[in-house]
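Since every read-out is calculated from the coordinates, none of them should be taken as a lab result. Keep in mind that what you see is a predicted model, and the values were worked out from it rather than measured.
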């Protein structure tokens, strides 16, 4: 119907499907159960390739994620989306930290704004769980999640900064 498929795109889609299709879990990032089922469904006139339904909610929610061929995760709500993570692995690691922190007590930082957290040398960025709009930091005492994903989708606002006391636990392992 659309002509020949780009073999590189098809190979990439197959690789992504083999790795992630069928994965399902309770996502703290999306606040609901999700499943992974990346597909390629181009519409007439589409110029950019996107793998839709990479992360799909199990309810009627409109939140979910698509993938660009380079692996970038586009988190969206209805027709608004934002490049949030460099890969699905980064999103999975972010969700894993969100689940892991559930048992931690909340912590209060003297200044809990995102620019302070990002610039303070005492905090180490957890690159494997961070993306473009969702970042994790820690030191020996505190775990910090700075997220602007949903605010970016819903027309602005400041990043949400949440903090937890580590009590000697190591978020890396």
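Being assigned to a helix (DSSP H, G or I) and farther than 30 Å from residue 48 by Cα is the requirement here; does residue 102 meet it?
So residue 102 fits the description; yes.
Would a scan of the range 109-125 turn up a residue that is within 28 Å of residue 23 (Cα to Cα) and part of a loop (DSSP other than H, G, I, E, B)?
No - not one qualifying residue is present in the range 109-125.
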